[in-house]
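Only the coordinates and a few stated rules stand behind these numbers; no lab work does. Predicted, not measured: the structure shown is a model, and the values here were computed from it. Using ideal geometry, Cβ is built from the backbone for each residue, glycine included, and neighbour counts are taken over all protein chains shown.
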Amino acid sequence: MVSLQQIYATTNLFLNTLNDNSILYYKNIVDLLKDSLEEAKNIDFNLETTTRMTLENKIANLNDFYQKEQININVNELISNGTINFICYENYLVGCNYYDGNHRVIDVSNNGLLMENEILVHELSHYQNQTFNGRGEVNNMLTEALAYFEGLVYLDYLKDIGYELDALELKKYFILMLQQELKRCYGLLKMLWCFSNMGTITKKDYQYFYNSQDNEEITTDYLENLKYFYQSYQKNFPVYRDIWLILTGLLTPYMYNQSQLDESFKKTIRQLNTEINVLSLDEVLKKLGIDDINGKVFDLSFELEKFIREVKNEEEILRRKRK
Ligand SMILES: [Zn+2]
């Protein structure tokens, strides 16, 4: 059993690695994104109707996608040189990207589903901005936003070649992933913000700090956020994972919506695969047309709302078509 004192000491150590405003800053961003996610209230997804496909055809489909998008990736070559490994995790649809020495490796599940290609496109996006000697801070913050963006571009490709239902279900899956993860991030940040002000995270202090009445609602909120806090504590507060997700929620829908309006924006985004390794965060954001992130947070959170509305529209159109 760890003592509360040990937990507090670790939390303090973690907080010392952030600048004073970070927690409140990210907490406020997630707060806005949570409002936008209200739009997703009635969304659910169903992967039962997903298309099955042989590995050979899945690979041919990916090569076609990269060719159409003029991205220089040869999937066959990456398989034969051991970069991509297909693994059958039963009932699991996952991918991961890591280093083996300084060799970049991707493991991805193959359960014979077309949708697993989206996971591979996501991982191959990470691969494209992974340098041989690790990721820097800006890269760590933005690689996820880029990977989810490329995944969405792939879903539009699927839609164009007739896999409308797969594309739609996976877009909904993306929204629900954001919803779930940002809820967790928000709970964690709320706890950390309380801790950095009060020095404790007892229910009484939490309630006092957030100025709440003692009722069932605050108890549920507190217990749930405490759970997120402990989960994060157990993993030693993997801060980049949370910032990745927050910036994904903020930037991916924006990048996607913009590239729908202007196809050439995709090129700007893909240049970031190199630039996130050499430029500062502000410089990278400027390339995306975001001069002042603080002044733009509200507009950017609206992009998420717009994205969700579009997905719901697509669903409605598809539903009518299939009647
Ligand atoms: Zn990822």
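Quick one: Leu114, Leu250, fewest Cβ neighbours within 10 Å first, how do they rank? Please report the intermediate quantities before stating the final value.
Values: Leu114 18, Leu250 24.
The most exposed by this proxy come first: Leu114, Leu250.
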Completion exercise
In the chain the DSSP beta bridges are antiparallel at a rate, in percent to nearest 5, of 65
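Checking the a/c ratio against 1.5 first, then a/b against b/c, what shape does the Cα gyration tensor give for segment 107-197? Walk me through the numbers before you get to the answer.
Working: a/c = 2.67, a/b = 1.47, b/c = 1.82.
It comes out oblate by the Cα gyration axes.
Mean residue ellipticity at 222 nm from the helices of the chain, using -39,500 (n - 2.57) per DSSP H segment of n ≥ 4 over the full residue count, to the nearest 500 deg cm²/dmol? The partial results should precede the final answer.
Working: 13 runs with 218 residues, N = 323.
Calculated at 222 nm, the ellipticity per residue is -22500 deg cm²/dmol.
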Completion exercise
Ranked on Cβ counts within 10 Å of their own Cβ, fewest leading, Ile269, Ile87 go Ile87, Ile269
Handout entry: Three semi-axes of the equivalent ellipsoid, segment 19-72, Cα gyration tensor, whole Å, largest first
Key = 38, 21, 10
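Between the DSSP loop rule and a limit of at most 11 other Cβ atoms within 10 Å, which trypsin sites (Lys or Arg not before Pro) in segment 1-66 are left?
Details: sites: Lys27, Lys34, Lys41, Arg52, Lys58; in loops: Lys41.
Those that pass, being in a loop and sparsely packed, are Lys41.
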Handout entry: Shape call, segment 223-323: gyration tensor on alpha carbons, a/c limit 1.5
Key = oblate
Handout entry: Other-chain or far-sequence residues with amide H under 5 Å of Ile87's (modelled H)
Key = Val108, Ser109, Asn110
Completion exercise
Summing +1 per Lys or Arg and -1 per Asp or Glu among the other residues with Cβ less than 14 Å from Tyr127's Cβ gives -3
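Taking a 26 Å limit on the Cα-Cα distance, which of the listed pairs Lys27/Lys159; Lys68/Lys171; Lys27/Lys227 fall beyond it?
On the way: Lys27/Lys159 35 Å; Lys68/Lys171 21 Å; Lys27/Lys227 17 Å.
Too far apart for the 26 Å limit: Lys27/Lys159.
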Fill in the blank from the handout: A student applying the Cα gyration tensor rule (rounded when a/c is under 1.5; otherwise prolate if a/b is larger than b/c, oblate if not) would label segment 210-253 oblate
Practice task
Indicate, rounded to the nearest 5 percent, the antiparallel portion of the DSSP beta bridges found entirely in segment 1-149.
Solution key: 65
Handout entry: Over 23 Å between alpha carbons, listed pairs Lys203/Lys296; Lys235/Lys306; Lys266/Lys286
Key = Lys203/Lys296; Lys235/Lys306
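In which sequence would Asp160, Asp166, Asp31 go, from the one with the fewest C-beta neighbours within 10 Å to the one with the most?
Least crowded to most crowded, the residues run Asp160, Asp31, Asp166.
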Practice task
Specify the residue with the greatest mean-square fluctuation among Ala60, Ala145, Ala167, computed from a Gaussian network of the chain linking alpha-carbon atoms under 10 Å apart.
Solution key: Ala60
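Multiply the residue gap between Met177 and Glu77 by 0.36 nm, knock off their C-alpha separation, and tell me the result in nm, one decimal place.
Numbers: separation 100, 0.36 × 100 = 36.00 nm, distance 3.14 nm.
The Met177-Glu77 span can extend by a further 32.9 nm.
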